[in-house]
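Written below as structure tokens is the structure these notes are about.
The values are calculated or read from the model by the stated rules, or taken from the named source; none is laboratory data. What you are looking at is a predicted structure, and each value in this text was computed from that prediction instead of being measured. Glycine also receives a Cβ, built like all others from the backbone with ideal geometry; neighbour counts cover every protein chain displayed. Remember, those area values only see protein heavy atoms, side chains included, never the ligands or the DNA or RNA. Shrake-Rupley method; radii C 1.70, N 1.55, O 1.52, S 1.80 Å.
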Amino acid sequence: MPDLDRVVTLGDISLRLVAADAAGAAALELSVGPAGVSAPGAAAPVGTVRAGGAAPTLPERPPDQVYDDRRVWLEHDDLLFLDLTGVVARSGPTTATIGGGPGRELAALGIRRLFLCAVGHLLGFQDRLLVHGGAVVVDGRTVLVLGESGRGKSTVALAALEQGWPVLSDDLVILRRAEDGIDVAGVPRPPTVPTDLQAEVEGAARPVADDPRGRAQLAPDVLTGGFHRVGAVVVVGHGSEPLGELAPVAGRHVHLVLVGSFPAASHPDQLRRAHPVFAELTRLPSWALRHGTDAARRLASTAAAIRGLSLAATRR
């Protein structure tokens with residue numbers, strides 16, 4: 001019997017998750033969160049993700065792409081990844097397999113690190129784009145929040161929760177094309193937020209174990225489900241002024257950030273699928289938000305900035 005075997009829904013796509021051992025089960029649970037469990041009557045899974053156990057076999061040739069933390073091979077529709085932990089993933093149109101690694105802890109870490117790449121590639125064949133980003137809804141307008149890890153996406157989510165605004169995700173979203181725009185849904189794993197901002201958010205939070213950034217994990221039910229039409233884009237970062245700064249940003253910069261936030265970008269076919277979606281997003285009102293240095297006022301200034309950009313987008 002596998003350690004884990006269940007169906008989850010990411011956006012509107014159902015996937016079967018199967019773990020061969022405890023390391024795989026722990027990594028998959030952390031990757032999608034308990035809120036990802038499909039309800040009775042959900043659509044049949046279109047693909048399977050297997051984690052744990054032996055590593056997939058790598059090609060006997062040099063990698064096609066080399067990054068600081070991974071190596072990538074392209075084989076027709078498939079992508080293969082070698083993580084610096086020694087974990088290997090192979091992902092194709094309907095199946096992703098992630099395994100290997102020296103010891104349970106490194107194996108679980110490597111599976112989590114490659115989960116986004118493997119699942120993002122699989123979802124691309126369903127015309128769904130998995131992107132490293134967040135999304136919040138302000139006065140009925142959905143704002144897509146982009147930025148590298150540690151740049152402040154979770155701060156935006158925390159500011160929104162404190163204001164009572166719906167939050168779709170603080171870290172991972174799924175994009176799909178609609179007839180008249182781009183829709184976004186959050187991947188429903190619990191948000192991890194900074195603890196130094198004196199936030200007042202309903203529900204219990206627990207510290208994230210061994211987290212160098214000292215974050216806390218909120219309950220998964222703080223997130224809002226479903227797809228929402230994207231109305232504006234914000235690229236977050238850290239500024240040098242006490243309060244946050246907001247400035248318009250060019251569409252070409254948004255496009256570059258989107259490509260860098262797209263884990264499946266290693267495959268040229270996935271980039272071809274993504275470019276029309278990204279291009280449409282670059283035509284939306286877009287801003288750069290630089291978080292202020294004053295931690296005591298950061299949430300308030302972030303909320304004011306997000307509300308301000310939403311109002312500005314409404315006037316355009």
Would you kindly identify the strands (runs of 3 or more DSSP E) lying entirely within the range 76-141 that contain at least 2 residues that are over 30 Å from V234 (Cα atoms) and either touching a Ser or Thr at 6+ places or on another chain (Cβ under 9 Å) or at pLDDT 95 or above (or both)? 78-83, 87-91, 95-100
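Quick test for you: out of A55, A51, A19, pick the one residue that is touching a strand residue (DSSP E or B) at 6+ places or on another chain (Cβ under 6 Å), at pLDDT 90 or above and farther than 30 Å from T224 by Cβ.
Working: A51 fails: farther than 30 Å from T224 by Cβ; A19 fails: farther than 30 Å from T224 by Cβ.
None of the others qualify; the one that does is A55.
Does A157 meet the test of being of a type outside the set (D, E), surrounded by 20 or more Cβ atoms within 10 Å (Cβ to Cβ) and free of Cβ contacts under 8 Å to residues at least 40 places away in the same chain?
When the stated conditions are applied, A157 passes them.
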Could we say that T9 is polar (S, T, N, Q) and closer than 24 Å to F262 by Cβ here? yes
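With L256, L281 as the choices, which residue is under 30 Å from I13 (Cβ atoms), modelled with pLDDT of 95 or more and open to solvent by 40 Å² or more (accessible area, probe 1.4 Å)? Talk me through it step by step, then tell me what you get.
Details: L281 fails: open to solvent by 40 Å² or more (accessible area, probe 1.4 Å).
Exactly one of L256, L281 is under 30 Å from I13 (Cβ atoms), modelled with pLDDT of 95 or more and open to solvent by 40 Å² or more (accessible area, probe 1.4 Å), namely L256.
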Those residues of the range 108-145 which are touching a Gly at 6+ places or on another chain (Cβ under 7 Å) and open to solvent by 10 Å² or more (accessible area, probe 1.4 Å), in sequence order: R128, R141
Sole miss for R298 among (1) modelled with pLDDT under 95; (2) surrounded by fewer than 18 Cβ atoms within 10 Å (Cβ to Cβ); (3) assigned to a helix (DSSP H, G or I) is condition (2)
